[in-house]
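Read the structure below first, then the notes.
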Amino acid sequence: MAPVIEHKPTFCRICEPLCGMIATVEDGRLVALRPDKEHPLSAGFACQKGIAFTEVQNDPDRVTTPLRRGPNGFEPVTWDEAMSDIAARLSDVLRRHGSGGVGWYMGNPGAFSYAHTFAALLFTKGLGRHGHYFTASSQDTNSRLIASQLLYGVPTSVPIPDLTRTDLLVLMGANPVVSHGSFLTAPRIKDRMHDIVKRGGRVVVVDPRRTETAVAFEWLGIVPDSDSYLLLSLLQVMFSERLVDVDRVNRVADGVDWLRSLSAPFTPERTAAQTGIDPESVKALARDLANTPRAAIYGRLGTCVGRYGTLTTYLIDAVNLVAGNLDAPGGSVFSTMQTVGAKWQNTMTGAVMRRSRRRKRSRVSGIRSAIGSEPAAMMAKEMTTPGDRQIKAIFISAGNPVLSVPNGDELEAALETLDLSVALDFYVTETTARCDYILPVTTMYERDDFPYTFQGFQATPFRQATEAVVAPAGESRPEWDIVADLATRLRRQIPAFAAFGAARKGLSAFGKSLTPRLMIDALVRMSQGGDRFGLRRGGLSLRTLTERHPHGVVLAPHIQTGVLRDAVGYLSRRVRLVHDDIADEVDKLSDSGHPEGYPLRMIGMREPRSENSWMHNSPLLMRGERRHHALMHVDDAAELQIADGDAVRISSPYGEITVPITSTKDLVVGVVAIPHGWGHKGTGGWQLANRAGGANVNRLTSSEPDDVESVSGMAWLTGVPVRVDRIDSVSTPQEIE
Ligand SMILES: Nc1nc2c(c(=O)[nH]1)N[C@H]1C(S)=C(S)[C@@H](COP(=O)(O)OP(=O)(O)OC[C@H]3O[C@@H](n4cnc5c(=O)[nH]c(N)nc54)[C@H](O)[C@@H]3O)O[C@H]1N2
Ligand SMILES: Nc1nc2c(c(=O)[nH]1)N[C@H]1C(S)=C(S)[C@@H](COP(=O)(O)OP(=O)(O)OC[C@H]3O[C@@H](n4cnc5c(=O)[nH]c(N)nc54)[C@H](O)[C@@H]3O)O[C@H]1N2
Ligand code: SF4
Ligand SMILES: [Mo]
């Protein structure tokens, strides 16, 4: 019989542009992915990772049955065996330690599945008040979210550059040519940036590395972790040269004078020593930002993961505000879903989040909760530090924290001390290999989806939803189903789960099941373009989206501006600039010394053919014997007599790794760039990844409470002091100390 071949429009959920894809499905099996030419925004673009996902989907190393770890390694078990043992052991932990004995870590791919996000929340909130919740965000975005909470009263109001209209885009600590944009959903982002130049505008990249983005546009090199100094100087120049329309700013914000005094000491002449940027360039940039009618400054990972991530992010927004670019066309804008009642939702969310921050602190570090989560850098210590709320059972979904969180070795060891550890993943990784169970989950093409998390970051208002394009492989299950199963098994013990079970039962009498899909459908219907449950003919619902707009639909050519009052969650509806946290961070700037013996600074580097740690098993992406390597400036390499390809030892005060060096002129002198997500070492089942190996850069980063950014609990991942030694000349670690 001839095979049945179908071509199904859907979209990629590896990274944030969510490029349109056509999935070729042959007899129910995904055999190819190609870019969707009919997608209004990605218009026939997809990157190598997106195409290579077929290899993940059909990977022979993929886990498709539940695995239990025994004395001889992992062995397959039935779902029922796995779930009843997990439920029994979890019950036991709950009985003995309460909800404070349980933790959940949700990694980055979790954010791309609305049902997964709901599942993790249902579980941790349902268990009780004392549970521990960690996410990849404390290595990624929490400083951004907390800066928003301070300024606008609500963490989810995050301004993005108005990419399609701006004439001056200043990128700080972002490399969208490789990352494809983050906290900024804009397919073909490189083309959109070239459009800026084509219409006579500029793109300026402030980065310690002359990145792929900087090469294509203008580069302003900066010393790692010194962005706060640069931003304070930009403010200082704007105020002192009277480039600020103070009345206009006063109309929307409280504390402009405070901000002026805060920045006053930081003249460009004073901060040049820290940033390495000459004062004239700083002044020119300040003038351009203030005088260009459509200008925006945008920061991302590089500005979020330094020692002052919240301060830096706050200052980015402050510069946008003071320069007159916040909430203005072509400036830094709020891309909202325009949901009915959003203003009051922001007020409520803001109040809840601020309350949770006042009340909840990380047990080990004392750091306040950030959007309901704790710093993942503390996860290992939460497992090993005795006392009330010590973690005894952990669930890890869509994450590889052994490679992604500071001090992976510590976490690896801590996992072995637990009473129960369960991974929801489709690979045996450096992390899941340390768990008692691996529960096989569906991939993105095996589930329906609506990219809820990214709606607020759309550079062009857009909606797309998808049904699953293939059935789950083997015995894989969606995360939601796994959590719902567990909740049912624990319903006698946990009141919230009993209520959840009752609600599910009640709804099933009406032929409906209680799923997150119901909520997402309601959201689509009540937001921009939605059908308002039938009140607006031709409007959108999840069903009409997938049926009538399989390639997605653009809702408006541009983001609406003039929405600041609604984006603000404070009842005053005004931006709040005055914060003790910010003043304290500015005070700390001056005592940020550099430990002796570590003259260089480490930064991260994303690669076009990696996605954090989890795509190194794809032959397409690993072709050409790809290996892990670090970049160093030619002058630094010459001084240390390091030749290209030499393996070197890189040490920080916290640990050391060995990695080959490639020298380059595209770095600020004194900087070493090292990609993360490597360090596959054979504990996992991904054979190709293991052969490629590499080093875990998070051996160089610190999980000490004092090294975590104190306002938002962010891991400190950039600007870490390091030294580089030739292998033949390395002294022993004791001598280094
Ligand atoms: N190909 C690929 N794409 C990805 C990913 C991937 O692993 N591979 N990961 C995805 C994820 S999870 C995320 S969060 C996004 C991140 O998206 P981006 O933030 O755009 O990506 P990064 O490459 O991490 O960019 C950070 C930049 O900051 C610079 N930098 C480091 N320290 C400093 C500093 O102190 N100051 C300044 N000004 N710059 C600094 C680095 O040199 C780097 O160029 O990318 C996503 N896209
Ligand atoms: N030094 C340093 N460390 C970093 C960074 C850095 O730049 N430098 N970047 C940080 C950032 S921005 C991030 S986001 C984190 C990422 O950190 P993590 O999210 O902890 O790790 P990932 O490598 O993204 O691993 C994702 C895991 O999810 C699995 N997976 C993929 N899709 C699904 C799915 O649909 N469901 C489930 N259940 N599992 C799935 C994969 O197999 C893999 O095991 O790393 C952070 N760590
Ligand atoms: S850029 Fe990101 S979303 Fe687009 S195809 Fe590549 S991995 Fe997928
Ligand atoms: Mo990330």
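The values are calculated or read from the model by the stated rules, or taken from the named source; none is laboratory data. These figures come from a predicted structure and were not determined experimentally. So basically every Cβ, Gly included, is an ideal-geometry build from the backbone, and we count neighbours across all protein chains shown. These accessible areas exclude ligands, DNA and RNA; they are computed on the full protein's heavy atoms, side chains included. Shrake-Rupley method; radii C 1.70, N 1.55, O 1.52, S 1.80 Å.
Each residue in the stretch 271-321 was checked for being among the aromatic types (Phe, Trp, Tyr) and within 16 Å of ligand 4 (Cβ to nearest atom), and 1 pass.
Residues checked against (1) more than 16 Å from the chain's Cα centre (by Cα); (2) farther than 23 Å from Ala380 by Cα:
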position	(1), (2)
Ala115	yes, yes
Phe118	yes, yes
Gly131	yes, no
Pro155	no, yes
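Quick check on Ser610: is it under 18 Å from Arg62 (Cα atoms), within 16 Å of ligand 3 (Cβ to nearest atom), in the same structural domain as Pro721 (by TED's automatic domain parsing) and open to solvent by 10 Å² or more (accessible area, probe 1.4 Å)? Taking the combined requirement at face value, the residue satisfies it.
When Arg354, Arg363, Arg359, Arg389 are checked against the criterion of being without any contact (Cβ under 8 Å) to a residue 12 or more places away in the chain and open to solvent by 10 Å² or more (accessible area, probe 1.4 Å), a single residue qualifies: Arg359.
This table checks each residue for (1) of a type in the set (Phe, Trp, Tyr); (2) buried (at least 22 other Cβ atoms within 10 Å of the Cβ); (3) more than 26 Å from the chain's Cα centre (by Cα); (4) closer than 27 Å to Ile222 by Cα.
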position: Ala643; (1), (2), (3), (4): no, no, yes, yes
position: Leu667; (1), (2), (3), (4): no, yes, no, yes
position: His680; (1), (2), (3), (4): no, yes, no, no
position: Arg691; (1), (2), (3), (4): no, no, yes, no
position: Ala695; (1), (2), (3), (4): no, yes, no, yes
position: Gly719; (1), (2), (3), (4): no, yes, no, yes
position: Arg726; (1), (2), (3), (4): no, no, yes, yes
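Restricting Leu163, Leu127, Leu169 to residues that are at pLDDT 95 or above and either open to solvent by 10 Å² or more (accessible area, probe 1.4 Å) or touching a Pro at 6+ places or on another chain (Cβ under 6 Å) (or both) narrows the list to Leu169. None of Asn346, Asn407 is touching a strand residue (DSSP E or B) at 6+ places or on another chain (Cβ under 8 Å) and open to solvent by 10 Å² or more (accessible area, probe 1.4 Å) except Asn407.
The criterion of being assigned by TED's automatic domain parsing to the domain that holds Pro478, open to solvent by less than 20 Å² (accessible area, probe 1.4 Å) and farther than 26 Å from Gly682 by Cβ does not hold for Ala111. Across the stretch 6-58, the qualifying residues are those that are assigned to a loop (DSSP other than H, G, I, E, B) and out of contact with any Gly (no Cβ under 9 Å at 6 or more places or on another chain), and the one among them that is nearest to ligand 1 (Cβ to nearest atom) is Cys47. For Tyr314, the conditions (1) under 30 Å from Val669 (Cβ atoms); (2) more than 16 Å from ligand 3 (Cβ to nearest atom); (3) open to solvent by 30 Å² or more (accessible area, probe 1.4 Å) all hold with the exception of (3).
Yes or no, residue by residue, for (1) at negative phi; (2) in contact with a Phe, Trp or Tyr (Cβ under 8 Å, 6 or more places away or on another chain); (3) away from ligand 3 (no atom under 16 Å from the Cβ):
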| site | (1), (2), (3) |
| --- | --- |
| Ala119 | yes, yes, yes |
| Gly128 | no, no, yes |
| Gly131 | yes, yes, yes |
| Ser143 | yes, no, yes |
| Leu150 | yes, yes, yes |
| Pro159 | yes, yes, yes |
| Leu168 | yes, no, yes |
| Asn175 | yes, no, no |
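Within the stretch 137-155, being within 16 Å of ligand 4 (Cβ to nearest atom), over 16 Å from Leu311 (Cβ atoms) and out of contact with any strand residue (DSSP E or B) (no Cβ under 7 Å at 6 or more places or on another chain) holds for Gln139, Asp140.
Restricting Arg601, Arg623, Arg609, Arg649 to those that are of a type in the set (Lys, Arg), closer than 30 Å to Thr443 by Cβ and in contact (Cβ under 8 Å) with a residue 12 or more places away in the chain reduces the list to Arg609.
When the stretch 213-270 is filtered for residues that are β-branched (Val, Ile, Thr) and loosely packed, with under 14 Cβ neighbours inside 10 Å, the ones remaining, listed by number, are Val215, Val246.
If the condition is being within 16 Å of ligand 3 (Cβ to nearest atom) and in a strand (DSSP E or B), then the stretch 407-458 contributes Asp449, Gln458.
Which condition from (1) over 29 Å from the mean Cα position of the chain (by Cα); (2) modelled with pLDDT of 95 or more; (3) surrounded by fewer than 16 Cβ atoms within 10 Å (Cβ to Cβ) is the one that Glu38 breaks? In the conditions (1) over 29 Å from the mean Cα position of the chain (by Cα); (2) modelled with pLDDT of 95 or more; (3) surrounded by fewer than 16 Cβ atoms within 10 Å (Cβ to Cβ), Glu38 misses (1) alone.
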